[in-house]
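> Please read through the structure below; I'll follow up with questions.
The values are calculated or read from the model by the stated rules, or taken from the named source; none is laboratory data. Not measured: the values here are computed from a predicted model. Reconstructed Cβ throughout: ideal geometry from the backbone, glycine too, with neighbour counts over all protein chains shown. Surface areas here come from the heavy atoms of the whole protein model, side chains and all, with no ligands, DNA or RNA. Shrake-Rupley method; radii C 1.70, N 1.55, O 1.52, S 1.80 Å.
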Amino acid sequence: MSPVVTCAVFLAVAAAMGAEAPVIVAPSYADDAAARAAWVPMAGTRPVEQVRLPDGPALRLPITFAGTTIDRASWDLQAQLDLTTSRGITFQVRCADPSPVSYFSVYFQSGAGWYHTEWFPDGGDGWSTVTINKSVMGSEGEPAGWGKITAVRFSAWRGEARDTELFVRQVARAGVAGVDTNVVVIRNEGDGAEFANQMADKLVTAGIGAVMLSAAEVTPELLKPYAVAVLPYNPTLPAPALAALEGFVAGGGKLLACYGFPAALAKAVGIEIVDFKRQERPGQFAAIAVRPGELPGAPAVAKQASWNVNVARTGGPAKVVADWLDDKGQPTGYGAIVETPQALWLTHVLLSDGGAAKARLLLAMVGRLSAQVWRGAAEAAVARAARVSRYASFDEATAALVKDGAPANVLDGARREHQAAQTLLAAGRYPEAFDQAGRAAEAATRAWCASQKPRAGEFRAFWCHSASGVSGMTWDQAAELLAKNGFTAVLPNMLWGGVTFGRSDLLPQASATRDDIADCLAACRRHGLKVHVWKVNWNTGWSVPKEFLDKMRAEGRLQMDAKGQTEPWLCPSSPANQQLEIDSMVEVARRYAVDGLHFDYIRYPDNNHCFCPGCRERFARSTGDALADWPKVALPGGRLRAAWLDWRRSNITAVVKGVSEGARAVRPGIQLSAAVFSNWAVDRDSIGQDWKLWCDKGWLDFVCPMDYTTSNYRFAGEVVRQIGWAGKVPVYPGIGASATGIAMTPEQVIEQIKIAREKGAGGFTIFNYGPNEAANIVPMLGLGITRP
C-alpha cells in the first residue's frame, strides 16, 4: 500500500506551469512565518518549519510524542487543487527514524468528505520517493470529487512516546493525462468501485499507467488526452458521461469494456448484448483461451473463475477473439472476448485471479487498442527486471548475497537474461522485450530466493480464509505443498459468529454433508502440519443462515452504532452471546484433536459500537448511573467515556479468558492464539482489544499481530513494539502478502521474514493461503528461507 503527501507553495508553481503541471507543491516559503501561515497544526502539534538543506529547500514537520498525549501530529493546508486528470500523487520524504510513528496518513478534503490513505517512509538519511494511486484511497463522508480538493491534511500517528521529524518536498502529480499515460479507467461508485480498483491494480501489474475518473466527473474535455477508455463494470452511466464517451468513440477513441455497459454505447462500438448465461456448475467458466493469431502478445490461456457471462451477437464487425474454457480445459462454446474495430469487450468483469498471465492478457488487450502502450510497458518491465528485491541493481544485490555467503556468480544468469531484454527493447520488439524481461526477473527471483537461509525450530504458518482450502486443490494437496516447502502450521477459517464449517450442536452448519474441519485435520496430520482452527468472533459471516440472523435480531443480540443502525455482529456485552462464543470454540476442542484455537475479530468493529439497548442497560447496571444522556455519555468527551472503554474491553476479554480456560480443560496442551490489530496502545480503546493483558494473564500461547504493510521500516517498528507488549508470549507477526490492497512478491515476503527473525520473533504467519500464494509464494520460500 503505497501513499501520498504534500508540502508547500501550491498555486504559484501550478499556475506557472499550467493546470496540468506535474509539480503541485514545492517548499519555497520565505521564512518560518510564511510556512506556518499556510500550514495550520492541530491541537497539540508543533508548527512546521521552512528549512534549507544542502540539497535544497524542504518542509520540516516536528513529531512530538514524548511527554504528550496526542494520538497524532497533524497539519492542514488550505488549497484549491484539481487532481481529476492525474493517476495519483508522488512525493519525496526523509525521516531518519520513523520508529516512533505507527503510520503516516494523508487526507484530501473535498466537499463534505475526505479521501485518505496510509503510507510509511523508508527511513535512513536519504530521500525516498513515495507514489500512490487514487484508486487505493478510501473516503469518509461525501467527497465532491478529485477536482474539488480544498485542503490537505498530513498526519503522523503515535507509535511510541518518542520524538522524530519528517522532511517533505517535491509533491507532484503521477500519471498525468497526455504526458505519461493515454489510458483512463471510468469508475462507477458503489459496486462498480471494487471492479474499478481491481482493474487499476491489474493495469499497474501489467506496466500500464492509467488515470481513474469517477463516472460523475467525465466530460468531453477530460477525455481528450486519452486514446483508450476502460469500463471495468459500468452497467449504467450518468447521462453526461454516456454522451462524452459516445463522442470519444466517434472521435476515434477506443473502449475496453467489461460485462455490462449501456446499450447505446455498446451499439456505438458495434457490440449487441443478446443473452446472459449463469454457470450451470462451479468451474464451467474457469479460464480464457485466446484464439491463435488474435491479440498479439497475449498468453494462450489465463485463469479466471467466473460465475456468469454475457453473450453478444457476432458477425459483421464483431468477432470472438478468445473463448471460455471450463475447469477441465474444454471449450464451453461461449466467447470470452469480443473485438470490433473500436473496442474489446470482456464478457464478464475482470477478476483478481490469474496472476501474471491475467496481467499479460490485459496488457495485450490494451496494447491492441493503443500500440503506444506496448512500448511503455516493455520499458517499465526491462527497468523493473534490473532491480532485485530492495536493491536497485544486479551489482548491489550480488554484493548483499555474497556477504551472506552466496557465490559471486549467483546472479550471472539473470544478468544475461536482462541484457537480452535490453537488446530486444532497443530493436523496438516490445512484446518480446516484455517477455524476456519477465524471464530475467524470474531468474533473479529464483536465484535470490534460493540464496536465503532457513532457521530451524521457527513457527511457519499461513492463514487460510477458505474452509475448503485453496481453490483448485484438495486439502491434502494444499497441506502437502506447505509441508514440502518447510511450513509447520496452518490456521484455517472454520467458524464465524453465526456459522461453522464443521459439526456443531451450537452453531448452524454450512453443510450437512461436508466437514471441512475433519478434512483439513486429516490432511494436515498426514503431512505433519499443526492445525490451529481459526474463528471469526462476533461477525456472523457472509454465509450465516437468515434464520439465525433473524433470531439474533429479534432477541436484541446484534450490535448497533451510536445512531441506532444494526450491524450483523453479535453484541459482546450480551451474556448469551459471550457464552455462545466461548462454547462454540470449546466445542471444537472437544470434538476434534486440533493443535490450537485461533481468535480473530476478537474486538468491536470500530469505536462506534456497540450502543444497542442491551448495552445501555448493562452499562447502566455496571456504573449505577441512569445514563440520561445516552449515548453522549459514552462518546468521546462524554462524562463516562473512560468507564465505557474499560467496560467494552471487559466484554471482549471475558470471552478470551473463558475459551482459554475451557479449551485447556477439555484438551490439555491445546494452544490458544489470536490475530490482533498491530497497535495495542491505541486499539485497546478504539476496538476494545486488550491483547497485552491477554498475554500477561497467560490466556494466549502466541499472538499474531496483523502487520500488513509493504514498508519494511514500519513492519520492523511494529514487531519491536509488539514483542515488548507480549512479554513472555511468542509473537509470530502477520505478513500481509495478499491482504486488502497488497500484493507482495516473494522477495518482499522474505525481507519481512528476515526482519521478524532479526527483531527476535519466533516465527511468522502469512495471509492468505490462496491460489496465487500456492503457485508463486510458497515454492519460492521453500527454495531457501523456509527450506525443510
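> May I ask you to list the residues in segment 390-405 that are in contact (Cβ under 8 Å) with a residue 40 or more places away in the chain and buried (at least 20 other Cβ atoms within 10 Å of the Cβ)?
Within segment 390-405, Phe394, Ala397, Leu401 meet the criteria.
> Another question, if that's okay. State the number of residues belonging to segment 571-629 that are assigned to a loop (DSSP other than H, G, I, E, B), on the phi < 0 side of the Ramachandran plot and over 32 Å from the mean Cα position of the chain (by Cα).
Of the residues in segment 571-629, 7 are assigned to a loop (DSSP other than H, G, I, E, B), on the phi < 0 side of the Ramachandran plot and over 32 Å from the mean Cα position of the chain (by Cα).
> If we scan segment 444-462, do we find a residue that is crowded, with 17+ Cβ neighbours inside 10 Å, more than 27 Å from the chain's Cα centre (by Cα) and either assigned to a strand (DSSP E or B) or hydrophobic (A, V, I, L, M, F, W, C) (or both)?
Yes, segment 444-462 contains a residue that is crowded, with 17+ Cβ neighbours inside 10 Å, more than 27 Å from the chain's Cα centre (by Cα) and either assigned to a strand (DSSP E or B) or hydrophobic (A, V, I, L, M, F, W, C) (or both).
> Here is a follow-up. When you scan segment 189-227, how many residues do you find that are within 17 Å of the chain's Cα centre (by Cα) and either modelled with pLDDT of 85 or more or in a strand (DSSP E or B) (or both)?
Here the count works out to 4.
> Take Leu237 and decide whether it is open to solvent by less than 30 Å² (accessible area, probe 1.4 Å), closer than 19 Å to Trp345 by Cβ, in contact with a helix residue (DSSP H, G or I) (Cβ under 9 Å, 6 or more places away or on another chain) and in a helix (DSSP H, G or I).
Here the answer is no, as Leu237 does not meet what is asked.
> Under 8 Å between Cβ atoms, at least 6 apart or on separate chains: pull out the pairs that start in segment 755-769 with a residue that is assigned to a helix (DSSP H, G or I) and end on any residue that is among the charged types (D, E, K, R).
Listed by first residue and then by second, the contacts come to Arg757/Arg455; Arg757/Glu458.
> Right, here's the next one. Of Ala674, Ala681, which residue is surrounded by fewer than 20 Cβ atoms within 10 Å (Cβ to Cβ) and within 31 Å of the chain's Cα centre (by Cα)?
Step by step, each of Ala674, Ala681 is checked, and only Ala681 is surrounded by fewer than 20 Cβ atoms within 10 Å (Cβ to Cβ) and within 31 Å of the chain's Cα centre (by Cα).
> Residues Gly564, Gly541: which one is without any contact (Cβ under 8 Å) to a residue 60 or more places away in the chain and either part of a helix (DSSP H, G or I) or more than 19 Å from Cys615 (Cβ to Cβ) (or both)?
Only one candidate qualifies: Gly541.
> Please verify whether Arg525 is closer than 28 Å to Asn651 by Cα, open to solvent by 20 Å² or more (accessible area, probe 1.4 Å), out of contact with any Leu (no Cβ under 9 Å at 6 or more places or on another chain) and modelled with pLDDT of 95 or more, treating the condition exactly as stated.
It is false that Arg525 is closer than 28 Å to Asn651 by Cα, open to solvent by 20 Å² or more (accessible area, probe 1.4 Å), out of contact with any Leu (no Cβ under 9 Å at 6 or more places or on another chain) and modelled with pLDDT of 95 or more.
> Also: Can you give me the number of residues within segment 723-754 that are assigned to a helix (DSSP H, G or I), open to solvent by less than 20 Å² (accessible area, probe 1.4 Å) and small (Gly, Ala, Ser)?
Matching residues across segment 723-754 total 1.
> Could you list, in sequence order, all residues of segment 105-135 that are part of a strand (DSSP E or B), open to solvent by 20 Å² or more (accessible area, probe 1.4 Å) and closer than 17 Å to Gln170 by Cβ?
Within segment 105-135, Thr129, Thr131 meet the criteria.
> Restricting to segment 319-346, and then to whatever is on the phi < 0 side of the Ramachandran plot and assigned to a loop (DSSP other than H, G, I, E, B), can you tell me which residue is least open to solvent (accessible area, probe 1.4 Å)?
Applying the filter and picking the extreme gives Asp326.
> Next up: Taking segment 370-389 as the search range and keeping residues that are touching a Gly at 6+ places or on another chain (Cβ under 9 Å) and buried (at least 23 other Cβ atoms within 10 Å of the Cβ), which one is farthest from Asp323 (Cα to Cα)?
Checking each candidate, the answer is Ala385.
> Given the criteria under 22 Å from Val719 (Cβ atoms), open to solvent by 20 Å² or more (accessible area, probe 1.4 Å), part of a loop (DSSP other than H, G, I, E, B) and not hydroxyl-bearing (Ser, Thr, Tyr), does Ala144 qualify?
In short, no.
> What residue, of Gly126, Gly56, Gly138, is free of Cβ contacts under 8 Å to residues at least 24 places away in the same chain and of a type outside the set (A, V, I, L, M, F, W, C)?
Gly138
> Identify all residues within segment 690-715 that are open to solvent by 20 Å² or more (accessible area, probe 1.4 Å) and of a type outside the set (Ser, Thr, Tyr); write none if there are none.
Those that are open to solvent by 20 Å² or more (accessible area, probe 1.4 Å) and of a type outside the set (Ser, Thr, Tyr): Lys692, Leu693, Asp696, Lys697, Gly698, Trp699, Asp701, Met706, Asn712, Arg714.
> Follow-up question, since we're still on this one. Which of the residues spanning segment 147-165 are in a loop (DSSP other than H, G, I, E, B) and touching a strand residue (DSSP E or B) at 6+ places or on another chain (Cβ under 7 Å)?
Gly159, Asp163 - these are the residues of segment 147-165 that are in a loop (DSSP other than H, G, I, E, B) and touching a strand residue (DSSP E or B) at 6+ places or on another chain (Cβ under 7 Å).
> Any residue in segment 444-473 that's at pLDDT 95 or above and of a type in the set (A, V, I, L, M, F, W, C): show its pairings with residues that are part of a strand (DSSP E or B) and open to solvent by 20 Å² or more (accessible area, probe 1.4 Å) at Cβ separation under 6 Å, as long as the two are six or more apart or on different chains.
If the second residue must be part of a strand (DSSP E or B) and open to solvent by 20 Å² or more (accessible area, probe 1.4 Å), the pairs left are Trp463/Phe767.
> Also, quick follow-up: Looking only at segment 739-755, decide whether some residue is of a type in the set (Gly, Ala, Ser) and modelled with pLDDT of 95 or more.
No, the conditions are met nowhere in segment 739-755.
> Take Val720 and tell me if it is open to solvent by 30 Å² or more (accessible area, probe 1.4 Å) and either charged (D, E, K, R) or closer than 17 Å to Phe764 by Cα (or both).
yes
> Still on this structure, I have one more. Go through (1) touching a residue at least 60 places away in the same chain (Cβ under 8 Å); (2) touching a helix residue (DSSP H, G or I) at 6+ places or on another chain (Cβ under 8 Å); (3) not in a strand (DSSP E or B) one by one and return the number of the condition Glu246 breaks.
Glu246 satisfies all of (1) touching a residue at least 60 places away in the same chain (Cβ under 8 Å); (2) touching a helix residue (DSSP H, G or I) at 6+ places or on another chain (Cβ under 8 Å); (3) not in a strand (DSSP E or B) except (1).
> Give the residues of segment 755-783 that are within 28 Å of Trp725 (Cα to Cα) and either over 16 Å from the mean Cα position of the chain (by Cα) or surrounded by fewer than 19 Cβ atoms within 10 Å (Cβ to Cβ) (or both), sorted by residue number.
Ile755, Ala756, Arg757, Glu758, Lys759, Gly760, Ala761, Gly762, Gly763, Phe764, Thr765, Asn768
> Related question: Of all residues in segment 86-102, which are in a loop (DSSP other than H, G, I, E, B) and open to solvent by less than 10 Å² (accessible area, probe 1.4 Å)?
Answer for segment 86-102, where residues must be in a loop (DSSP other than H, G, I, E, B) and open to solvent by less than 10 Å² (accessible area, probe 1.4 Å): Cys95, Pro98, Pro100.
> A further question follows. Which of the residues that make up segment 166-183 are touching a helix residue (DSSP H, G or I) at 6+ places or on another chain (Cβ under 7 Å) and either part of a strand (DSSP E or B) or β-branched (Val, Ile, Thr) (or both)?
Scanning segment 166-183 gives a single hit, Val183.
> Something else: Within segment 610-644, take every residue that is of a type outside the set (Gly, Ala, Ser) and open to solvent by less than 20 Å² (accessible area, probe 1.4 Å) and give me the one that is farthest from Arg684 (Cα to Cα).
Filtering first and then ranking leaves Leu627.
> In addition: Looking only at segment 500-528, filter to residues that are under 28 Å from the mean Cα position of the chain (by Cα) and hydrophobic (A, V, I, L, M, F, W, C); which one of those is farthest from Asp606 (Cα to Cα)?
Cys520
> I'd like the full set of residues that are within 21 Å of Ser306 (Cα to Cα) and open to solvent by less than 10 Å² (accessible area, probe 1.4 Å), limited to segment 244-270.
Correct list: Leu256, Ala257, Cys258.
> Take the conditions surrounded by fewer than 20 Cβ atoms within 10 Å (Cβ to Cβ), under 21 Å from Ser451 (Cα atoms) and β-branched (Val, Ile, Thr) and apply them to Thr786. Does it pass?
Criteria not met by Thr786.
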